[in-house]
Each structure stands twice: as C-alpha cells, then as structure tokens.
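Only the coordinates and a few stated rules stand behind these numbers; no lab work does. Treat the numbers as computed from the prediction; the structure is a model and nothing was measured. A quick note on method: Cβ atoms are made from the backbone with ideal geometry, for glycine too, and the neighbour counts reach across all protein chains shown.
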Amino acid sequence: MDLNRERLLEAYRRMRMIRAFEEKLNDLVSAGKLGGFLHLYAGEEAVAVGVCSHLGDDDFVGSTHRGHGHCIAKGVDVAGMMAELFGRSTGVCKGKGGSMHIADIDKGMLGANGIVGGGIPLATGAGLTAKQKKTGGVSIAFFGDGASNQGQFHESLNMASNWKLPVVYVVENNGYGEFTPTSFVVPVKDIADRSVSYGMHSLIADGMDFFDVYEKAGEAIERARKGEGPTLLECKTYRFYGHYIGDPLAYRSKDEAEDWKQNRDPLDRFESRAVEAGLVDPDDLREIDGAVASELEAAIEAAEAAPLPGPEEVLTDVYVNP
Ligand SMILES: Cc1ncc(C[n+]2csc(CCOP(=O)(O)OP(=O)(O)O)c2C)c(N)n1
Ligand SMILES: [Mg+2]
C-alpha cells in the first residue's frame, strides 16, 4: 500500500472534517441559525476521501446535491464553504451558490449540483478536456443510486466508454433515493452491472471502508490515467442522517440506521485498522479531532461576522447580463 503515515493522517483529517462539518450544519439548521435546504454526507466519508486521496488539483470532480463531502475531500477551503452556506461575500462562490452549488475551479471542483445526475455529463466533458489536452488528468463523477436511473448517466457512460475517456463514475449506493429504497426502483442488485451494456470496466467497493475504496479507486484511476478508459465504481454506503435536514425518516427503521452506525462507521473502521496495523497512533487522531473542531468554530465565527453580498453584486458572475 502506498499510504504512509502522513497520507493516512491527512485522509483521516478529511474524513473527520466532513463528519464534524455535517454535524455542525445539522445543529445550526436545527437551531434556526442557518437556512437553506441541506443534504448531509455523514456516513459516506470513506467514499469521497478514498477516491479523492488519489487526486491533485489538476484532476476534476463533478458532484451532487450531497456535495459537501466531495468538496472537503477535494481540498476546498472549509472556511470559504462555511461562509458560502451562510450566504456571505467571503464564500467560495461569493455567497451566491449555497450548499448545492459550491464550486472551486482552481481545486478542480466543478460544483455540487442541484440537478440529480447533472454532474455526470460535466465530469464526462472534463474527462474529454483532459484527454484532448493530454494533461494526464482524470475526472471523477460522484452520483447516487437514484441518479443511475437518469438518462444522463446512460448517455455519458456510453460516450465515455466509446471514446475511452479518463473518467471514473463513482456511484454512491446508499440504499435510498429520497424516501424510496433503491431496490424498489432499480432492478439490478449491483448498479456496477450497468457497465456491461457500455463495455465498461466495473468494480464494487465497501463504501464504509476507506481502505477498500482507496484500493479500488486507485485501480480505476490508474487505468484512466494510462488511457485504458473509464470505470464504473459502485460504493455500497449509507447516509447517517435523512435525505435532508428535517427529514422525519419514516421510511427506514431506527434499528437499520443504528446497525450501520454502530458496526460500519467509516471513521471507527479506519481507526481500528490503521491503529491495529501500527500505521498511526490514536493520540495523533485525537489531536486531529481537536484541530478540526477548532477550525470549524473559527469558520463559523468568521462566516457570521462576514458581510452579505451587496446589491451591486446581483448581476456579476452570471452568464447572462441583461
Ligand atoms: C433531475 C432531478 N430530479 C429530481 C430531483 C429531486 N431529488 C433531489 S435528490 C433526489 C434523490 C437522489 O437520490 P440519489 O441519486 O440516490 O442520491 P442520494 O440523495 O441518495 O445521495 C431527488 C429525486 C432533482 N433534484 N433533480
Ligand atoms: Mg441514494
């Protein structure tokens, strides 16, 4: 494994940051201190971080409505994200994007996306760019099980496979699309099987296990960088919160959720494996937990104190300026 102590600690820091960021948002929205419609990524941290640990700023990521985790894993500034969620002019999109449209092109983050499936063709186009320009870069499309029923998914996979684009399609199968179990609307057990009709390589990973995602994503990304074409990587995962903050969760049992949280929490699993193997020390992890908590407190304080965009900003950063 090419993960040394430093890289493992960075992966843990990003997973912890995602978890803590989402827990904070849940508290802030529930307390009425933050508005908007927010979809939390907690529980799925190993997917974003397992994949993005292979990427640099020249690689691209297309994301979803549940995009905070992808942004953090790709290295987007957390204080800038928090300010964005508070709608402040110091936000990464100057307060005009919000939760579902956080983008940071310098980091290769093409944007969270309010359109289910909408990030898939964007990431495919970025893959075409990388291929045409011969940058050696790869493009990752993160999307959900629900999005794999979208036409854009099928069109993109067909084109990418036909043109051998350097794209990895990462389907985050968390068992639900909004309030509907995946099994109710998807007639295949493994979404990875959908790759067959496009002559595409596929892999399945335990999306609650950083190490498994890291290994499978590594294989897919290496193939893409070598010009061997795209992969459909299915990560079996689970969201710890509801579809959105405020979801009454009437469609799944408490026992089911508890089982995933108690037995498959990706942060706990990372810690057990990395500590048992003597790769990291628990004290290092606790130090990271503390640093992450302080960084978030500072980010919230700065966001609350920052100004809202002024009326003169209404027509800037938009495509059509009448
Ligand atoms: C094109 C489109 N159709 C419907 C919606 C409403 N919608 C928002 S999230 C969602 C479910 C997405 O499920 P999945 O792709 O599995 O992602 P998850 O929320 O589970 O991460 C739906 C139907 C939307 N935003 N865009
Ligand atoms: Mg889903």
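Net charge near GLY108: determine it from the other residues with C-beta under 14 Å of the C-beta of GLY108, scoring Lys and Arg +1 and Asp and Glu -1. Present the calculation step by step, with values, prior to reporting the outcome.
On the way: positive: LYS74, LYS107, LYS133; negative: ASP57, ASP58, ASP59, ASP77, ASP104, ASP106.
With Lys, Arg at +1 and Asp, Glu at -1, the neighbours total -3.
Strictly over 32 Å apart at the Cα level, which of LYS94/LYS261; LYS24/LYS107; LYS74/LYS261; LYS131/LYS261; LYS189/LYS261; LYS94/LYS254 would you flag in this model?
As for pairs spanning more than 32 Å Cα to Cα, those are LYS94/LYS261; LYS131/LYS261; LYS94/LYS254.
Give a quick list of trypsin sites (Lys or Arg not before Pro) in the stretch 1-79 that DSSP marks as loop, anything other than H, G, I, E or B, with at most 15 other Cβ atoms within 10 Å.
Answer by residue number: LYS33.
Please build a GNM for the chain, connecting alpha carbons under 10 Å apart, and tell me which residue among LEU122, LEU279, LEU38 fluctuates the most.
In this elastic network of the chain, the residue with the biggest mean-square fluctuation among LEU122, LEU279, LEU38 is LEU279.
Please compute the contact order of the stretch 5-307 in relative form: average sequence separation of alpha-carbon pairs under 8 Å and at least six residues apart, divided by the residue count, as a percent.
23
Provide Rg over Rh for the chain; use the alpha carbon set for both Rg and the Kirkwood Rh (inverse mean inverse pair distance).
A ratio of 0.95.
At a threshold of 8 angstrom on Cα-Cα distance, excluding pairs fewer than six apart, so keeping six or more, what relative contact order does the stretch 19-113 reach in percent?
Reported as a whole number, the value is 27 percent.
Among all stretches of the chain without exposed GluC sites (Glu not before Pro) (DSSP loop, at most 14 other Cβ atoms within 10 Å), which one is longest? Walk me through the numbers before you get to the answer.
On the way: sites that count: GLU178, GLU228.
Answer - 1-177.
Using the Cβ atoms and a cut-off under 10 Å, what net charge is assigned to the surroundings of VAL76, where Lys and Arg are +1 and Asp and Glu are -1?
Local charge sum for VAL76: -2.
Compute the separation of the alpha-carbon centres of the stretch 69-86 and the stretch 94-151 and state it in Å as a whole number.
The two parts, judged by their Cα centres, are 16 Å apart.
So, counting K/R as plus one and D/E as minus one, what does the shell of residues with Cβ under 13 Å around ARG286 add up to?
-4
Please compute the Kirkwood hydrodynamic radius over the stretch 71-126, one decimal place, Å, based on all pairs of different Cα atoms.
Here the Kirkwood hydrodynamic radius works out to 11.2 Å.
Before rounding to the nearest 500, sum -39500 (n - 2.57) across all DSSP H runs of length at least 4 in the chain and divide by the residue total; then give [θ] at 222 nm in deg cm²/dmol. Show your work: numbers first, answer last.
Details: 11 runs with 141 residues, N = 322.
For the chain, the value works out to -14000 deg cm²/dmol.
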